[in-house]
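Q: Structure provided below as structure tokens; questions to follow.
The values are calculated or read from the model by the stated rules, or taken from the named source; none is laboratory data. All values reported here derive from a predicted model rather than from experimental measurement. Heads up, the Cβs are rebuilt from the backbone with ideal geometry, glycines too, and the neighbour counts pull from every protein chain shown. In case anyone asks, the SASA skips ligands and DNA or RNA and just uses the protein heavy atoms, side chains included. Shrake-Rupley method; radii C 1.70, N 1.55, O 1.52, S 1.80 Å.
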Amino acid sequence: MSETLLRTDTLSKSFGGLRAVSDVSLEFPVGLLHAVIGPNGAGKTTLINMLSGDLKPSSGAIYLNGENIAGLRADQVSKKGVGRSYQKTNILAEMTALENVRLAAQSRVGGGLGLITAVKRRGDLIDRAHAALERVGLRAADDRPASALSHGEQRQLEIAMTLATEPNVLLLDEPLAGMGPEETERMVALLRSLVAGHAVVLVEHDMDVVFSVADRLTVMVNGAVLESGSPQAIRASAVVREAYLGEDEDDA
Amino acid sequence: MIGATTTDNGANGLVRLFLLVGLGVFALFPLVGSTFYVQLGTKVMVFAILAMSLNLLVGFTGLVSLGHAAFFGIAAYSVYFFTPGFTAASVWWTLPAAVGLAGLAALVIGALSLRTKGIFFLMVTLAFGQMVFFLFHDTPIGGSPDGVYVNAVPTFDALGIDLPELRDRYQLIEGGARAPFTLYYVTLACMLAVYAFLAVLLRSLFGHVIKGIRVNEHRMRALGYPVYGYKLASFVIAGLLGGLAGYLWAVQSLFVNPELAGWHMSAEILLMVILGGMGTIYGPILGALALEALRELAEIAIEYGVTASNAIGLTEMDPHRAATDYYLLVEGVVIIAIVIVLPRGLSGLIEDLAAYLRSGRRSAKGEAEQAT
Ligand SMILES: Nc1ncnc2c1ncn2[C@@H]1O[C@H](COP(=O)(O)OP(=O)(O)OP(=O)(O)O)[C@@H](O)[C@H]1O
Ligand SMILES: [Mg+2]
């Protein structure tokens with residue numbers, strides 16, 4: 001059964017006077033894809049940043065397996081099984097695609113700094129990197145520098161890096177932005193395949209994708225949760241229509 | 001800044017050949033060089049070790065430190081501390097102790113300064129370096145602000161080698177006489193060992209992590225790497241290696257002064273790294289060599305120039321004075337020119353040349369195959 005792997009309790013973040021995220025209490029169980037939507041500046045990325053440890057919350061709590069992880073550093077959160085991708089592509093540009101993903105896989109190797117072990121002797125990491133690249137459809141990019149990949153390929157690379165850290169929770173901040181239709185199709189299929197065994201949090205602007213993959217939907221406006229529920233409930237919600245989905249959704 | 005785009009430290013065949021020839025030159029040099037130049041060569045290799053150690057930070061971890069001389073100075077002064085009288089102490093304990101002190105200092109300075117980034121890191125390391133400088137300059141610990149003599153060379157009581165005896169022997173033989181030049185070869189062996197150590201380190205899991213941190217620290221943290229700890233480890237390793245250079249310096253010159261730890265020295269090491277190129281392990285060796293050669297050449301050039309202009313009545317200067325007064329000016333201009341022409345330093349030039357030759361050979365082979 002789906003258990004609540006990740007949960008927030010009145011989570012808030014202020015930047016000076018601006019309340020970017022305000023009293024957000026949400027649940028992210030394993031086996032569900034939870035999409036977070038909202039207009040620009042709604043606080044979606046800020047929410048993800050707090051969940052991943054990139055930002056310290058101003059107040060509130062984040063429970064991972066019942067443990068409050070609010071205030072932990074990003075690397076500590078990552079080690080606890082929370083993986084993320086970035087809205088603005090965040091990769092090791094000078095390194096090859098394979099090395100990007102191999103380093104991601106290496107982050108799970110325990111025991112010390114690895115001063116002695118030669119990378120060559122850990123072929124298993126390369127195998128895992130290959131598997132992750134294969135999964136996002138980027139197997140051929142191995143030896144190319146990440147900076148030489150197309151924008152869409154860099155987005156795929158970012159997902160491959162996230163997968164290679166073998167997370168339980170996946171925080172994906174607009175992973176499809178800038179991908180072509182074919183790549184999008186592939187990623188949507190990948191997202192579907194990932195739902196089993198993961199708690200997936202997806203921030204996405206493409207409503208067709210959102211309504212086709214999401215099990216749950218949360219609408220954020222001005223940092224606060226406007227509505228949260230099943231896609232059907234969100235589609236039917238008068239508040240959401242008025243505040244966000246707008247007139248064009250009526251035409252559909 | 002000067003971009004180090006070559007993240008791969010594995011030298012290809014041609015570069016390897018170049019390095020081997022270079023090693024041969026280093027190994028055979030004492031057979032042809034005069035005593036003065038052999039001592040200069042030892043000095044160059046000590047600086048090469050020091051610059052290689054700084055490059056671990058600058059070129060491979062992405063940490064630009066302006067306080068690296070502190071570790072050099074601490075280890076050099078340790079040799080003075082450990083031989084208070086005229087009785088020589090053994091290398092077996094003074095070397096680890098001196099290097100250990102440098103590493104300990106690196107642990108403390110690194111732990112504090114790595115809380116800052118970029119320009120702030122530069123300033124904080126500079127400040128710590130100056131603190132070490134003032135420790136030797138203005139407190140009784142350092143003996144005298146002008147520097148102090150080390151009265152006895154540490155003994156190396158193994159394999160029947162007596163370091164002081166051999167060292168003195170070559171010092172006494174003047175005028176290009178052939179001598180074993182033990183210290184020269186000890187330093188050469190240390191330089192090779194440091195090179196090999198760095199080569200292994202940079203191929204390790206750790207080495208790949210610090211290279212990732214240089215490229216994108218934020219992403220590495222998000223992937224689960226405790227970035228601070230890795231940077232600190234790298235800082236301490238660099239401090240230890242810098243300490244080795246300091247130890248060799250003290251044994252070579254038997255004189256230590258506060259300037260060994262000062263910001264001027266730190267800047268000079270950084271210059272060697274930039275001049276030699278940060279993308280490779282061997283670059284700083286070239287940088288140390290180039291800087292020393294440049295200094296010598298600048299002095300010689302000024303001396304000749306001034307002598308010539310004196311002869312035709314243009315100037316009335318003491319050529320030797322002019323050389324010591326103005327060599328820094330000439331050196332500076334040449335360095336600026338080199339950095340502009342070769343943004344990736346001398347090793348960048350060599351890597352490019354090797355790549356060019358290789359591609360030329362490959363296409364020539366391709367054409368030959370097409371012709372048949
Ligand atoms: N580091 C920061 N400092 C100050 N203000 C910030 C910071 N990060 C975000 N904000 C502000 O917080 C608000 C929420 O930003 P956020 O990036 O979370 O929105 P978003 O929902 O992800 O928007 P988008 O759809 O454009 O990505 C915005 O008004 C933004 O300007
Ligand atoms: Mg956003």
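Q: Can you name the residue in the range A:21-51 that is open to solvent by 10 Å² or more (accessible area, probe 1.4 Å) and part of a strand (DSSP E or B) and is also nearest to ligand 2 (Cβ to nearest atom) among such residues?
A: Applying the filter and picking the extreme gives A:Ser22.
Q: Sticking with this one: What number of residues within the range A:212-245 are open to solvent by less than 40 Å² (accessible area, probe 1.4 Å), in contact with a strand residue (DSSP E or B) (Cβ under 8 Å, 6 or more places away or on another chain) and hydrophobic (A, V, I, L, M, F, W, C)?
A: Matching residues across the range A:212-245 total 8.
Q: Report yes if some residue within the range A:94-107 is at pLDDT below 95 and either within 16 Å of ligand 2 (Cβ to nearest atom) or within 20 Å of A:Leu133 (Cα to Cα) (or both); otherwise report no. Show your work before the answer.
A: At the first step, the residues of the range A:94-107 found to be at pLDDT below 95 are A:94.
Now restrict to residues that are either within 16 Å of ligand 2 (Cβ to nearest atom) or within 20 Å of A:Leu133 (Cα to Cα) (or both): A:94.
Yes: the range A:94-107 contains one or more residues that are at pLDDT below 95 and either within 16 Å of ligand 2 (Cβ to nearest atom) or within 20 Å of A:Leu133 (Cα to Cα) (or both).
Q: Look at the range A:82-136 and say how many of its residues are within 16 Å of ligand 1 (Cβ to nearest atom) and within 12 Å of chain B (Cβ to nearest Cβ).
A: Let us first name the residues in the range A:82-136 that are within 16 Å of ligand 1 (Cβ to nearest atom), namely A:84-90.
From what is left, the residues that are within 12 Å of chain B (Cβ to nearest Cβ) are A:84-86, A:88-90.
So the count comes out to 6.
Q: Give me the pairs, please: first residue somewhere in the range A:172-191 and more than 14 Å from chain B (Cβ to nearest Cβ), second residue anywhere and within 16 Å of ligand 1 (Cβ to nearest atom) and open to solvent by 50 Å² or more (accessible area, probe 1.4 Å), beta-carbon distance under 8 Å, and either six or more positions apart or on two chains.
A: A:Glu174/A:Gln87; A:Glu174/A:His205; A:Leu176/A:Asp206; A:Ala177/A:Gln87; A:Ala177/A:His205; A:Thr184/A:Asp206
Q: Same structure, new question: Just to be sure I understand the filter: pairs with C-beta atoms under 7 Å, separated by 6 or more residues or on different chains, first member in the range B:325-337 and more than 12 Å from B:Ala301 (Cβ to Cβ), second member open to solvent by less than 80 Å² (accessible area, probe 1.4 Å). Which pairs pass?
A: Filtered contacts from the range B:325-337: B:Ile335/B:Leu271; B:Ile335/B:Leu275.
Q: Can you pull out the residues in the range B:215-274 that are open to solvent by less than 10 Å² (accessible area, probe 1.4 Å) and outside any helix (DSSP H, G or I)?
A: B:Leu223, B:Gly224, B:Tyr225, B:Val256, B:Gly262 - these are the residues of the range B:215-274 that are open to solvent by less than 10 Å² (accessible area, probe 1.4 Å) and outside any helix (DSSP H, G or I).
Q: Moving on. Restricting the search to the range B:105-132, which residues are among the hydroxyl-bearing types (Ser, Thr, Tyr) and part of a loop (DSSP other than H, G, I, E, B)? Walk me through how you get there before you give the answer.
A: Taking the range B:105-132 first, the residues among the hydroxyl-bearing types (Ser, Thr, Tyr) are B:113, B:116, B:125.
Of everything in the range B:105-132, just one residue is among the hydroxyl-bearing types (Ser, Thr, Tyr) and part of a loop (DSSP other than H, G, I, E, B), namely B:Thr116.
Q: What is the residue count in the range A:56-93 for residues that are in contact with a strand residue (DSSP E or B) (Cβ under 7 Å, 6 or more places away or on another chain), open to solvent by 40 Å² or more (accessible area, probe 1.4 Å) and within 13 Å of ligand 2 (Cβ to nearest atom)?
A: Selection size over the range A:56-93: 1.
Q: Would it be correct to say that B:Glu299 is in contact (Cβ under 8 Å) with a residue 12 or more places away in the chain, of a type in the set (D, E, K, R), in a helix (DSSP H, G or I) and open to solvent by less than 40 Å² (accessible area, probe 1.4 Å)? Walk me through it before giving the result.
A: Numbers: in contact (Cβ under 8 Å) with a residue 12 or more places away in the chain: yes; of a type in the set (D, E, K, R): yes; in a helix (DSSP H, G or I): yes; open to solvent by less than 40 Å² (accessible area, probe 1.4 Å): no.
It is false that B:Glu299 is in contact (Cβ under 8 Å) with a residue 12 or more places away in the chain, of a type in the set (D, E, K, R), in a helix (DSSP H, G or I) and open to solvent by less than 40 Å² (accessible area, probe 1.4 Å).
Q: Something else now. Between A:Leu171, A:Leu226, A:Leu194, which is away from ligand 2 (no atom under 16 Å from the Cβ) and within 18 Å of A:Ala42 (Cβ to Cβ)? Steps first, answer last, please.
A: Details: A:Leu171 fails: away from ligand 2 (no atom under 16 Å from the Cβ); A:Leu194 fails: within 18 Å of A:Ala42 (Cβ to Cβ).
Residue meeting the stated conditions: A:Leu226.
Q: Just to be sure I understand the filter: pairs with C-beta atoms under 8 Å, separated by 6 or more residues or on different chains, first member in the range A:70-94 and within 14 Å of A:Leu172 (Cα to Cα) and in a loop (DSSP other than H, G, I, E, B), second member open to solvent by less than 10 Å² (accessible area, probe 1.4 Å) and within 16 Å of ligand 2 (Cβ to nearest atom). Which pairs pass?
A: Sorted first by the residue in the range A:70-94, then by its partner, the pairs are A:Tyr86/A:Glu158; A:Tyr86/A:Asp173; A:Gln87/A:Asp173; A:Gln87/A:Val203; A:Thr89/A:Arg155; A:Thr89/A:Glu158; A:Asn90/A:Glu158.
Q: Taking the range A:9-38 only, how many residues are within 12 Å of A:Thr218 (Cα to Cα) and within 8 Å of ligand 1 (Cβ to nearest atom)? Can you show your working first?
A: Of the range A:9-38, the ones within 12 Å of A:Thr218 (Cα to Cα) are A:24-28, A:33-38.
From what's left, within 8 Å of ligand 1 (Cβ to nearest atom): A:38.
Number of matching residues: 1.
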